[in-house]
Every structure is written in C-alpha cells, then in structure tokens.
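Quick notes on the structure that follows.
The values are calculated or read from the model by the stated rules, or taken from the named source; none is laboratory data. All figures in this text were calculated on a predicted structure; none of them were measured in a lab. Cβ sites come from the backbone with ideal geometry, for glycine too, and all protein chains shown count toward neighbours.
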Amino acid sequence: MKHENNSKLKIIPLGGLEQIGMNITAFEYEDSIIVVDCGLAFPEDDMLGIDLVIPDITYLKNNADRVKGFVITHGHEDHIGALPYVLKQLNVPVYGTKLTIGLIDNKLEEHNLTRSVKRKVIRHGQSINLGAFRIEFIKTNHSIADASALAIFSPAGIVIHTGDFKVDYTPVFGDAIDLQRFGELGKKGVLALMCDSTNAERPGFTMSERTVGKTFDNIFAEHKNTRIIIATFASNVDRVQQIINSAYKYGRKVVIEGRSMVNVITTAAELGYLDIPENTLIDIETMKNYPDEQMVLVTTGSQGESMAALSRMAANMHRKVQVKSGDTVILSSNPIPGNEKAVSKIINELTMMGANVIFQDVHVSGHACQEEIKLIYSLVHPKYAIPVHGEYRHMKAQADIAASLGIPKDNIFILHSGDVLELDEKKAEISGHVPCGSILVDGLGVGDVGNIVLRDRQHLAEDGILIVVLTLERFSNQLLSGPDIVSRGFVYVRESEGLMEEARHVVEDAITDCMDKHVSDWGKIKNVIKDSLSDFLWKRTKRSPMILPIIMEV
C-alpha cells in the first residue's frame, strides 16, 4: 500500500468535536476526499424556535469534484440526520451497513431523494475503494445494531475510526465486536486512532445491554397487575427487543408509540434485526380491547422532549393514552447532559398522576468506558491518538488515558471542528483551518435563520416589542395622524396607560424636533424616534424592548 511519496493525509473534522452530536469528518489525500458520518445536533436552549442544527459543508462544496462519498458508521441521528440536507447540495454515494442504509432510506424518502442518491450496503469485513482510500467496515457493538468501526487505508498509513462503540461480549443481537480485527490491524501498524470519548471519564467497563433485559424481567414479574409504559430512545432496537421478550414471556401485548420509534422499529423488523413473536405487536387503536395487565406501551420521550409521546401523556395532551393511577412507567435511558430538568419535570408530572416511575438501573450506555478504551488502544497501538465524539472534557479524559498507555503527549491531538490535521509516519501537525459551523433549520427554512435573527428572537423573548405608527403628509412632512403605539410582550397596556401616554409625548416631541430641524430623511426620523423612546423606557422601566417605527405617507 505504501508508495514513496511526500503527500500527507489530512483529517478535517467539520463538526462533532467539542459537542455531542453533528458528527462529520473529512479525510483528504491528494485529489480524494471521503467523509465519515453526516449528523445533526439538537438545538441549544438559546436557539429559540430552531428545530435542528446541521453542519456547514462549505469546504466540501468548494471541493465537490474531489468528494468520493459518505461512509456512515451507524444509524443514529447524530451520524445520519444531516444527510438529506447535505445531499441536496452535494450528491455523492452513501455507504453503510444494512440497518444504517435502511434508516437513511427512510430519511431520503421523506425528502424525495431516493431516486437521485446512490446508496450501497456494505457487510462487516468488506472493503470499498474510494479514490486513494480503501475503507474496511469492522463489526462493533453500540446501542443500535450494525454499528461499525472503519479502517481507513491511505498511502500515508492506516487510520482507525471507532465510530460510537462499546465492547459487549453478549450482545442482544448478532455478534460481539471484532476485537481480533483490531489486533490484526494493530500488528500491521496503525498511524492514528480516532476513538469515541463519550464515557472516557467513567472508570471500568460498560455493562452488557443484556443486563437490562434481566431488569425488565424482574420489573414485569413484580408489576403483574398494572399497565407498563416504557420510554426509551427510538433508535435502541435491542432495548425494544428485550421489552418484547419480557412482554411475550409474561403474556402481554406491545404497542409502539411515537413517530420516530415506529419508523425505526418498522425498518428494523423488515430487515430482520427484531424478532417479534406473532400477535405480540398490536395497533394503538386496539389497545382498549385489552385489560391493563396485558399491556406494554413502548414510547419516545425518555429525554423529556416537549413534543414526544411521553411528555404529551404526562401533560394529559395525548389523544390515545391517558396515564392513570397505578400505571408503572419506566424511563429506560439516562438524561443527556442538558436535559436533566426536563426529565425531572416529567417524573414529577407522572408521579402526580399516580404513576409509579422507575428510572434506576433500567439503562446501560452504548459507549465504552475507560477499560474498553484502553483495550482498543492496546490492540491498535496507534502512533497518534485523536480523541473524537464528545465535549472537550470527554476528549481530554481520553487524551489522559492515551498518555497513561505510553503515547507521547506530542502525538495526542484534541482537535476543534475546522482544524486541518496533516499527518504521515514522520510527523503530525495542525496546518490550518477550514470554514465550519452550524446551519440552523427552522421548519422548511435551512440556514435562513442566522445569528442576527436569533438575536432578535432573544430580544423579543426577553423584552417584547413596541411598534410606533405615524402618518406624514407627502412633501410637507406634516404629522397627519399618530403617533400610535402598539405594544406586545412589553407591559400590559390597560394597567400602564400613563406610561404609554408619556411614551406618546416623547415620540411627538422627537418628531417635532425633527420638523424644526427640517430633517426629511425617514431613516433619520426613525432613528431619532427609536433613540428617544428607548432612553425614556429604560429610565422608567429598566427594560429595552425592540422598537419598530413605521412611517406612512399620504
């Protein structure tokens, strides 16, 4: 594979470093670029009204002729969610394992892209050639089936990208992680390892997904006379499999509720990743024909998302399901950082409705803890360590693990999105930066809400708005009617008539002032109105609402 040449491999993360989500990394060698993953992120609290966040792919668009394809590690939203948006701007083939491509197909269908985009299903152990790269898919375990690590062969050396992974010797579906292959590659010599950092702060090993099945069995045995409602991640197919196993064992029927959950489970069942005994799954419409003690409801909303099924049930807004006293509700997930408040609120709401809420020991992570990370490093023996997938503190924790295993400090790189890392056998260094960032998706608009719009939304949310309407006579600029002041979200007008009256006088004075000075430029008049009204309101209320002067002429 090695030629004598001076070219270096470039690794360019375009998202997903310093945050959980929006994973996308470009690998570039001479005139070939491949992209690993293409995920979305969910909006931060301060992104008012934003639905999702996708990566800025300016760099890829500028080099579109060199981009050979997207290689996807697994089917989670933070790895495939941005594909439909990005493929509209950059139509290249997409490669992944069976379930991953099945979930991507769902997305492309929603966006009417199935005919224009080429997809190819790759099996574990298979390789594909893309330009100067050969990419091999290696079997790993994660909280969704068919997850892969990638061995990326380039003329400059081998890079291993673990994807999201854990080491599960007793997975619910399929085989354990292919540790042997990691070892074989390690013997060949690996230039760099890019390893999942999500749980790098946690000591020990991540428990097997199967332990959750045992817990479910115990809970089902203890709560034989109540309806059971279980909330978990839509994408955790193995978790749903274990719920179905316990339900079947205890003679219960299962209803799947929540759009994303139905989507994933349908795809997984069709592709053979779920084994559902006959007559176990029933439609939500027929739920009323069964007594409570025969029902299990599997739903989305374990993170307290306000629009998901569980939140609607807790707020009594769900059309088909009412939580009632005596229900057993299981939250089979850990709160993602930032969602703790929302989850705690849901637990309170459900408990007030008389439900018995269980959230201890009914979840295991899909990510490797410290001992598993050490295991991968020991097998792979990389020259360079590049922690990925996590916030800064998680990547730092992994950097410390790498150092403790004897990798020199200078060979460990914690990158930021947009960094260009150039490397070969001799040395590695950050050689530059490319544009990167977040594109906000709001409804059908992609990127039409930027920082300025968000700032306005923030401003409106915090201080409200005042609209000043006045009519001027053409040419003479005489004030014919107004100024009228309309307020929204600033003060309750009926109780602040005095304040509004004074505000009107302030505006009138400002206009008179402009007339006396023969200012005829409307922009200027608007600014004078804005400034004087803004000063007045700040003095009186210590608030600064947005002020929109509107001038009409007759």
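Which residues, counting only those in the range 248-264, are within 11 Å of residue 298 (Cα to Cα) and crowded, with 18+ Cβ neighbours inside 10 Å?
253, 254, 255, 256, 257, 258, 261
Where in the range 392-491 are there strands (runs of 3 or more DSSP E), lying wholly inside it, with at least 1 residues that are farther than 30 Å from residue 12 by Cβ and either of a type in the set (Phe, Trp, Tyr) or over 22 Å from the mean Cα position of the chain (by Cα) (or both)?
So the answer is 465-472, 479-488.
Scan the range 198-245 residue by residue and report those that are surrounded by fewer than 18 Cβ atoms within 10 Å (Cβ to Cβ), of a type in the set (Asp, Glu) and in contact (Cβ under 8 Å) with a residue 40 or more places away in the chain.
The one that is surrounded by fewer than 18 Cβ atoms within 10 Å (Cβ to Cβ), of a type in the set (Asp, Glu) and in contact (Cβ under 8 Å) with a residue 40 or more places away in the chain: 201.
Within the range 369-386, is even one residue among the small types (Gly, Ala, Ser), outside any loop (DSSP other than H, G, I, E, B) and on the phi > 0 side of the Ramachandran plot?
So far as the range 369-386 goes, no, none of its residues is among the small types (Gly, Ala, Ser), outside any loop (DSSP other than H, G, I, E, B) and on the phi > 0 side of the Ramachandran plot.
Determine which single condition residue 529 fails, assuming it passes every other condition in (1) within 27 Å of residue 554 (Cα to Cα); (2) within 44 Å of the chain's Cα centre (by Cα); (3) free of Cβ contacts under 8 Å to residues at least 40 places away in the same chain; (4) part of a helix (DSSP H, G or I).
Result: residue 529 passes all but (3).
Being surrounded by fewer than 22 Cβ atoms within 10 Å (Cβ to Cβ) and modelled with pLDDT under 95 is the filter here; which residues of the range 117-145 pass it?
Passing the criteria: none in range.
Could you run through the range 121-168 and say how many residues are in a loop (DSSP other than H, G, I, E, B), within 28 Å of the chain's Cα centre (by Cα) and not β-branched (Val, Ile, Thr)? Can you show your working first?
Quick first cut of the range 121-168, residues in a loop (DSSP other than H, G, I, E, B) only: 122-126, 131-132, 140, 142-147, 155-156, 162-165, 167-168.
Adding the requirement that they be within 28 Å of the chain's Cα centre (by Cα) leaves 122-124, 140, 142-147, 162-165, 167-168.
Next, from what is left, pick out any that are not β-branched (Val, Ile, Thr): 123-124, 142-143, 145-147, 163-165, 168.
Number satisfying all stated conditions: 11.
For the range 93-116, which positions are polar (S, T, N, Q) and crowded, with 21+ Cβ neighbours inside 10 Å? If you could, list the steps in order and put the result at the bottom.
First pass over the range 93-116, keeping only residues polar (S, T, N, Q): 97, 100, 106, 112, 114, 116.
Of everything in the range 93-116, those that are polar (S, T, N, Q) and crowded, with 21+ Cβ neighbours inside 10 Å turn out to be 97, 100.
Exactly one of (1) closer than 30 Å to residue 296 by Cα; (2) free of Cβ contacts under 8 Å to residues at least 24 places away in the same chain is unmet by residue 403. Its number?
Unmet for residue 403, out of (1) closer than 30 Å to residue 296 by Cα; (2) free of Cβ contacts under 8 Å to residues at least 24 places away in the same chain: (1).
Would it be correct to say that residue 337 is under 25 Å from the mean Cα position of the chain (by Cα) and loosely packed, with under 13 Cβ neighbours inside 10 Å?
Yes, satisfied.
Could you tell me whether any residue of the range 181-197 is part of a loop (DSSP other than H, G, I, E, B), in the same structural domain as residue 373 (by TED's automatic domain parsing) and surrounded by 15 or more Cβ atoms within 10 Å (Cβ to Cβ)?
Yes, there is a match, as at least one residue in the range 181-197 is part of a loop (DSSP other than H, G, I, E, B), in the same structural domain as residue 373 (by TED's automatic domain parsing) and surrounded by 15 or more Cβ atoms within 10 Å (Cβ to Cβ).
One line per residue, one yes/no per condition, for (1) on the phi < 0 side of the Ramachandran plot; (2) in contact with a strand residue (DSSP E or B) (Cβ under 6 Å, 6 or more places away or on another chain); (3) exposed (fewer than 11 other Cβ atoms within 10 Å of the Cβ):
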position	(1), (2), (3)
497	yes, no, yes
502	yes, no, no
510	yes, no, no
519	yes, no, no
527	yes, no, no
530	yes, yes, no
540	yes, no, no
544	yes, no, no
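Inside the range 1-99, counting only strands (runs of 3 or more DSSP E) that do not spill past its ends, which hold 2 or more residues that are modelled with pLDDT under 95, touching a helix residue (DSSP H, G or I) at 6+ places or on another chain (Cβ under 9 Å) and assigned by TED's automatic domain parsing to the domain that holds residue 121?
52-55
A quick yes/no check of all residues on (1) within 12 Å of residue 17 (Cα to Cα); (2) touching a Phe, Trp or Tyr at 6+ places or on another chain (Cβ under 9 Å); (3) modelled with pLDDT of 95 or more:
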{"position": "397", "(1), (2), (3)": "no, no, yes"}
{"position": "410", "(1), (2), (3)": "no, no, yes"}
{"position": "415", "(1), (2), (3)": "yes, no, yes"}
{"position": "420", "(1), (2), (3)": "no, no, yes"}
{"position": "423", "(1), (2), (3)": "no, yes, yes"}
{"position": "433", "(1), (2), (3)": "no, no, yes"}
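I'm checking my understanding of the structure. Among residues of the range 287-326 that are basic (Lys, Arg) and in a loop (DSSP other than H, G, I, E, B), which one is farthest from residue 246 (Cα to Cα)?
Per the stated criteria, the residue is 319.
Look at the range 276-286 and say how many of its residues are surrounded by fewer than 15 Cβ atoms within 10 Å (Cβ to Cβ), among the polar types (S, T, N, Q) and not in a helix (DSSP H, G or I).
1
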